[in-house]
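The structure appears below as structure tokens.
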Amino acid sequence: MRRPFALLAGALLVAALAVPASAADGDKSFTIEDPRITESSGLAASRQHPGIYWTHNDQDTGAYLYAVDSGTGRTVATITLTGVGTPRDVEAVAIGPDDQIYVGDIGDNDGVQWDHVWVYRLPEPRTLEDRTVRATQYVVTYSDGSRDAESLVVHPKTGRVYVIDKQEDGGHLYEGPATLSASGTNVFRPVAPIDLWATDAAFSPDGRRLAVRGYFGGILYDWNDGRPKRLERLDVPLQPQGESVTYSADGSKLMYGTEGVGSGVRAEDAPAASKDSGTPSGSGSPAASGEDGGGGDGADGNVRMGALAVAVACAALFGLRRVFRRR
């Protein structure tokens with residue numbers, strides 16, 4: 001199995017606590033019904049089509065995007081990308097200004113250290129139907145050497161592209177050039193630490209908040225002009241292998257996805273923010289440490305994760321990581 005330690009740890013968490021879905025308003029939780037989508041690694045809410053979410057497999061037979069209707073869980077359009085090479089390890093999808101979709105082919109494909117990775121950009125189709133769309137391919141390198149990454153975000157106002165590398169002890173936010181070049185190499189540079197073993201991230205629709213998730217929890221940051229300031233823990237649901245996150249189009253929900261056939265996407269209320277103070281107006285307090293973020297109590301008193309469950313899962317995760325360390 002591709003990530004046995006993460007899968008087993010996720011299973012332990014699910015077994016420890018069963019949590020009902022909760023989404024009072026806005027987009028609801030749903031299940032991806034398409035049997036072709038076996039490793040949904042990224043998620044992005046459509047800007048043009050209400051209730052539609054774009055996703056992809058992290059390793060597929062080609063360059064494909066799937067438009068999934070959150071009301072039915074069914075795929076309503078499959079986009080085949082042309083103008084790009086054979087994808088290696090597609091880990092993220094995001095939507096930037098002018099309804100442009102960005103796809104991050106930024107994974108390490110089971111430990112292979114690439115000297116460059118790719119970002120693809122294409123316009124979001126105005127009509128939902130199976131079609132072929134020509135994409136622009138960008139070559140990306142990092143100023144401090146090759147990185148494993150699963151998180152790509154595009155600022156909704158500036159259009160600047162960012163990547164968060166995936167490191168067990170916490171990674172960094174990497175900033176791309178103000179404008180990506182399709183003819184040269186785009187060097188991404190670290191600009192801020194991220195206190196999480198990140199598997200995905202998403203900007204709020206107004207660009208003021210950055211939500212980052214990992215296998216066991218998440219952190220909400222104030223964007224702070226590109227120097228993220230940690231605000232609070234996110235109420236991340238328990239999932240077998242937590243891989244993706246996106247805001248709903250209206251910003252009221254955070255949608256959390258996982259891998260597997262028939263995988264579920266869970267809707268959780270996005271933390272409210274005070275426009276005057278720039279700090280959360282909810283009852284959550286700032287997190288004091290890294291990946292414990294999913295274990296806080298929600299405003300409705302629903303405890304998401306007990307201390308015992310966390311201890312057992314973390315012990316399994318880090319113990320098995322030593323056993324199954326990649327060669």
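The values are calculated or read from the model by the stated rules, or taken from the named source; none is laboratory data. Note that the coordinates shown come from a computational prediction; the quantities given were computed from them, not determined experimentally. As a convention, Cβ positions derive from the backbone with ideal geometry for all residues, glycine included, and neighbour counts pool all protein chains shown.
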**Fill in**
Taking the stretch 156-192 and keeping residues in a loop (DSSP other than H, G, I, E, B) and within 14 Å of the chain's Cα centre (by Cα) leaves Lys166
**Request:** Please go through the stretch 20-39 and pick out each residue that is at pLDDT below 95, buried (at least 18 other Cβ atoms within 10 Å of the Cβ) and closer than 16 Å to Pro240 by Cβ.
**Result:** Glu39
**Among (1) under 21 Å from Asp115 (Cα atoms); (2) without any contact (Cβ under 8 Å) to a residue 60 or more places away in the chain; (3) of a type in the set (A, V, I, L, M) - the single one Leu180 does not satisfy** = (2)
**Fill in**
Matching residues in the stretch 43-66 (in contact (Cβ under 8 Å) with a residue 60 or more places away in the chain, more than 22 Å from Ala211 (Cβ to Cβ) and in a strand (DSSP E or B)) number 0
**Failed condition for Phe188, given (1) surrounded by fewer than 24 Cβ atoms within 10 Å (Cβ to Cβ); (2) in contact with an Asp or Glu (Cβ under 7 Å, 6 or more places away or on another chain); (3) farther than 23 Å from Gly242 by Cα; (4) without any contact (Cβ under 8 Å) to a residue 60 or more places away in the chain** = (1)
**Request:** Would you check if Thr141 is assigned to a strand (DSSP E or B), free of Cβ contacts under 8 Å to residues at least 60 places away in the same chain and within 30 Å of Arg230 (Cβ to Cβ)?
**Result:** yes
**Prompt:** Hey, any hits in the stretch 263-273 for a residue that's at pLDDT below 95 and farther than 26 Å from Trp197 by Cβ?
**Reply:** yes
**Looking only at the stretch 229-262, and only at residues there that are among the acidic types (Asp, Glu) and in contact with a strand residue (DSSP E or B) (Cβ under 6 Å, 6 or more places away or on another chain), the one that is modelled with the highest pLDDT** = Glu232
